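Report on the following structure.
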Amino acid sequence: MREIVDKYFPDNWVISLYMGFLVNLVESWEPFKAAKMALNNTLETVNIRSYANMFGASVPHLLKASTQLLKEGNLTSENVINEINNITSILRDCNVTIRWLMLHVILKPGKSDKNKKCKQLCELVMTESKYSPVQLFKLLLNTAQLELTTKEIIKNVLSEKANKWEELKKESYDSLIELSEVFSGTKPLTRIEKNTNLQKWFVEISKEVNSLDQSSSNSGRKIVQLIQALEEVQEFHQLDKNMQVIQFLTETRRFLHRMIKNMNVKEDTLIMLQIIGDVSYAWELIDSYTPIMQFGIKKEPTLCIKLRAIFLKLASALETPLLRINQARSEDLISVSQYYSGELEVYVRKVLQIIPEMMFQNMARIIEIQTSILKELPTRLEKDKLKEYAQLNERFEFAELTHSVSVFSEGMRMMKSTLVGVICLDPKQLLEDGIRKELVLHISKALHTGLIFSNRPKVDELEQKLKSLAHIMDGYKRSFEYIQDYVNINGLKIWQEEVTRIINYNVEQECNGFLRNKVHAWESAYQSRHVPIPHYPPSDTSSENFIGRLAREIIRLTDPKNSIYLEQTSTWYDIKTHKPILNKQTFSLISSAIEVTGLVGLDRLFSFMIITNMQKILGILENKENKNNSWNNIISSISNDLDNFENISNMYKFYQNCVNRTTKLWHNILELVLSVGQLQLLRVLIAFQLSMLCKFDAKNLESSLSLLNKALLHDIQNDKLPHPSENLLSTLSPYFDWTGMNDPLHKIYITAKPRKDYAITIFIFVIAHLQKLFLLKGTANLSKRGQDLLDGVPFAVAIHSIFKQFHPSFNDTFIRHMAEFVMALTKQSLSSKNTDPPGEATLGVKFLEVYVTYLKSSHDSLLKHMPEEILHLHDFLTIPNA
């Protein structure tokens with residue numbers, strides 16, 4: 001152990017095994033006596049101080065040397081070739097210093113920071129080396145830049161090596177031929193006599209130069225000999241008397257020298273630089289310098305250009321884990337490289353996210369100035385008020401903030417496209433993703449905090465919160481539209497895409513409560529790794545997020561037990577105060593607060609609620625759980641009696657008997673029915689709002705879809721024409737939903753195989769609750785509603801929607817029974833010489849009038865079973881409780 005320590009660990013006790021896996025020998029060898037004893041020499045205070053002082057003192061020296069090399073004009077291809085050994089030496093010293101200090105100064109979170117001995121050693125190194133994280137980071141920055149520039153130059157030299165060799169060889173050859181011509185006497189040069197021997201010698205030398213081959217191992221030795229020969233000929237033949245000859249000889253020797261240096265540049269140089277610059281030990285430690293990087297970017301956004309070198313240095317570390325995998329020709333090469341490249345990409349995005357953060361900090365002030373401070377200029381302005389409206393100081397601040405946002409975005413864009421592993425980072429895409437990420441965070445927070453309601457439903461609270469949220473959203477949208485030209489992004493496109501994604505994701509998560517196979521957050525199509533949508537903890541027990549809270553708040557406010565819906569005004573009124581609770585304007589406010597996407601999301605959530613309630617109603621009708629053993633017997637008995645309708649003497653008593661026999665069967669179904677009707681009416685208003693917005697904002701789309709819808713319906717209804725494909729219908733369906741062209745009252749929500757007695761069951765259910773219904777045509781009689789009555793419109797709408805799930809014959813049967821019910825009670829009343837028919841008959845007529853307004857075929861069916869005179873008769877009669 002002593003030999004191992006003296007050989008490998010005389011100056012270090014923290015080693016890197018593999019991509020961020022660090023081992024602190026002080027901690028790891030603690031249980032092993034021999035290893036611990038052997039390490040004591042290394043851990044002596046004198047030894048540690050010596051190395052800490054040495055590496056700490058070398059930081060400023062190396063920082064100065066690397067800065068000098070990086071000065072503009074120093075790192076040319078010629079200088080790099082000439083000074084490659086010096087540059088390599090400096091890079092080696094820099095990397096050794098950085099590695100030693102980073103490993104021995106930064107404690108990896110976990111066990112190491114809990115070990116007292118490790119902490120003491122770390123503090124000792126920091127003290128003795130005068131450790132400065134900023135200085136060490138600057139050295140790392142310089143080192144990465146120097147490595148990157150040197151590698152790029154060497155790669156260029158290698159790629160042009162063959163061409164450069166031929167070019168230099170030709171220059172040398174031509175120069176020697178020209179010298180031979182000078183001494184031949186054919187080329188007139190002043191004061192140079194003809195010399196046949198020199199002429200022949202220069203010709204021979206030129207042939208030797210021309211025969212040089214770059215791939216030959218003897219070429220280097222031969223070039224050295226040729227240079228010596230040219231120096232000797234200049235010395236012995238006294239050729240230095242003529243400046244032109246000296247110039248020829250000097251240039252030839254320079255060309256030959258460059259040929260040697262060019263030949264000496266090999267792939268081995270790059271491999272050596274790669275080994276020297278290995279930074280795999282800092283795969284996790286580099287994160288401790290993230291605040292320094294981000295602070296630097298805050299002060300100077302163009303630092304991104306320099307940081308690119310560090311990111312590329314980290315990317316080069318990927319070769320370590322991939323080396324053996326590649327040598328083994330494993331199929332895992334791609335997956336492993338993608339994993340590490342993805343992790344590095346996440347880190348790069350994390351560092352550069354400071355730019356979008358700073359942009360949004362400035363944008364927050366821009367939003368405030370735009371929405372609250374700057375006054376709108378009127379079309380006509382008095383001269384005296386010009387200064388007041390100019391707001392010079394505010395506009396200067398506004399311009400300054402805009403410029404800073406532009407500078408930040410420019411700093412990001414100046415960074416070139418960078419290949420980290422197998423992933424190419426495009427700065428423009430990075431900037432856009434960063435802006436999207438910040439936008440998603442801000443909008444999600446605004447939606448979450450803006451739509452939290454109190455335990456008791458309050459009309460004013462909903463309106464106030466929607467207005468406040470609409471103001472915030474409008475501020476973000478306006479500032480985004482304003483800033484997009486200065487950042488060079490498509491602001492409106494990003495806004496629409498991200499708001500749509502946020503709301504669709506939250507709607508999807510809210511709808512999970514109604515699904516068996518839930519869509520988890522990590523598998524959602526709307527989630528993104530680079531631009532994640534934050535998940536906030538639920539603020540109440542019933543809703544998952546803001547869209548659920550908003551939907552349930554609307555449902556609470558429009559509860560049929562506490563409110564009444566008036567068809568003529570499309571408004572819910574409070575039964576106590578008679579004030580409007582919810583109307584078309586409310587949904588207009590919702591659309592301005594959560595966009596059209598939010599309305600569509602609400603509509604989808606209401607659809608899921610309706611489906612759930614419909615399924616529960618169907619389950620009760622089928623008596624699936626067999627809670628009521630007598631259910632089937634009672635319904636069958638009533639059905640048989642109704643078939644023998646003419647044999648019943650006292651219809652009023654018969655219907656009363658039917659109601660009394662089924663009283664215990666309805667305790668669960670009434671709330672479900674009222675809920676379905678309420679949700680259907682809400683969906684109708686949402687469809688109206690969507691349709692109106694589409695007609696105003698997208699006229700061409702609305703007219704195209706409307707015409708296409710009519711054409712499709714014509715093809716479907718005409719048996720002679722080919723029906724549209726299911727693929728076409730499923731593609732168009734979302735368009736119709738988004739433009740409000742779907743009629744919720746004619747939707748089929750569930751598929752069911754109903755029994756024949758369903759029409760009779762629902763008929764008995766309706767007449768059992770007629771006395772509890774409040775039906776009216778106008779607001780004049782609104783004050784007459786009693787506290788114990790239920791809103792009749794949602795009730796009628798729900799019955800209509802239930803029958804829409806079955807074959808039309810069920811609806812026709814139901815209307816026939818209702819008509820018979822009204823007719824029978826009316827006839828019985830007239831035969832007993834009673835001037836007023838029973839209230840049930842009048843309420844039955846009013847119910848049917850409301851019911852048949854939702855479907856033309858229902859109205860035709862009613863006239864088939866009931867004379868129009870009966871309807872007119874009841875119009876003149878006094879309606880109890882209405």
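All of the numbers you see were taken from the coordinates with simple rules; none came from a lab. All values derive from a computational prediction rather than experimental measurement. Neighbour counts run over all protein chains shown; Cβ positions are idealised from the backbone, glycine included.
Note down the magnitude of the dipole of region 2-159 about its Cα centre, charges +1 on Lys and Arg C-beta and -1 on Asp and Glu C-beta and zero elsewhere, to the nearest 20 debye.
Here region 2-159 has a charge dipole of around 540 debye.
Could you state the principal axis extents of the C-alpha atoms in region 260-396, from the largest down, to the nearest angstrom?
Extents along the principal axes: 82, 42, 28 Å.
So between ASN709 and LYS266, what do we pick up on full extension, going 0.36 nm a residue minus the alpha carbon distance?
Details: separation 443, 0.36 × 443 = 159.48 nm, distance 7.12 nm.
Gain on extension, ASN709 to LYS266, equals 152.4 nm.
Which of SER58, ALA38, VAL96 sits farthest toward the positive end of the charge dipole of region 2-159, with +1 on the Cβ of Lys and Arg and -1 on the Cβ of Asp and Glu?
After comparing all options, I get ALA38.
Given LYS164/LYS200; LYS7/LYS119; LYS161/LYS261, which pairs have Cα atoms separated by over 18 Å? Please list the in-between numbers first.
Values: LYS164/LYS200 28 Å; LYS7/LYS119 25 Å; LYS161/LYS261 10 Å.
Over 18 Å Cα-Cα: LYS164/LYS200; LYS7/LYS119.
Could you work out the local net charge near ALA390, counting Lys and Arg as +1, Asp and Glu as -1, over the other residues with Cβ closer than 14 Å to its Cβ?
Around ALA390, the surrounding residues sum to -1.
Where a ≥ b ≥ c are the square roots of the eigenvalues of the C-alpha gyration tensor, would you call region 468-518 rounded, which needs a/c under 1.5, or, failing that, prolate if a/b is larger than b/c, or oblate?
Cα axes put region 468-518 in the oblate bin.
Measuring from the lowest to the highest alpha carbon on each principal axis, how far does region 644-765 reach, largest first, in angstroms?
Its Cα atoms span 62, 36, 23 Å along the three principal axes.
Tell me which lysines have Cα within less than 16 Å of LYS493's Cα, excluding those fewer than 8 residues away on the same chain?
LYS428, LYS437, LYS477
Would you work out if region 348-497 is rounded, prolate or oblate? Take a ≥ b ≥ c from the square roots of the eigenvalues of the alpha-carbon gyration tensor; rounded if a/c is under 1.5, else prolate when a/b is larger than b/c, oblate otherwise.
It comes out oblate by the Cα gyration axes.
Please work out the Cα convex hull volume for region 434-523 and give it in Å³ per residue.
Given the Cα convex hull of region 434-523, per-residue volume reads 111 Å³.
Pairwise over distinct Cα atoms, reciprocal of the mean inverse distance: report the Kirkwood radius of region 692-735 in Å, one decimal place.
Mean inverse Cα-Cα distance, inverted, gives 11.5 Å.
For region 293-370, report the translational diffusion coefficient in µm²/s to the nearest whole number, using Stokes-Einstein at 10 °C, 1.306 mPa s, and a Kirkwood Rh over Cα pairs. Kindly include the intermediate steps, with their values, before the conclusion.
Values: Rh = 14.9 Å.
After rounding, the answer is 107 µm²/s.
If you project the alpha carbons of region 2-159 onto their three principal axes, what span does each projection cover, largest first, in Å?
Taking the Cα atoms of region 2-159, the three principal extents are 56, 30, 28 Å.
Shape call for region 440-592 from the C-alpha gyration tensor, a ≥ b ≥ c root eigenvalues: rounded (a/c under 1.5), prolate (a/b greater than b/c) or oblate?
oblate
Would you please give the FRET efficiency between MET37 and LEU17, computed as 1/(1 + (r/R0)^6) with r the Cβ-Cβ distance and R0 = 22 Å, to the nearest 0.05?
After rounding to 0.05, the efficiency reads 0.45.
Note down the nm distance, to one decimal, between modelled labels 7 Å out along Cα→Cβ at ALA521 and at LEU392.
5.2
In whole Hz and in residue order, list the ³J(HN,Hα) couplings for region 147-154 that follow from phi through the Karplus curve 6.51 cos²θ - 1.76 cosθ + 1.60, θ = phi - 60°; x for Gly and Pro.
Result, ordered by residue: 4, 4, 5, 4, 4, 5, 5, 5 Hz.
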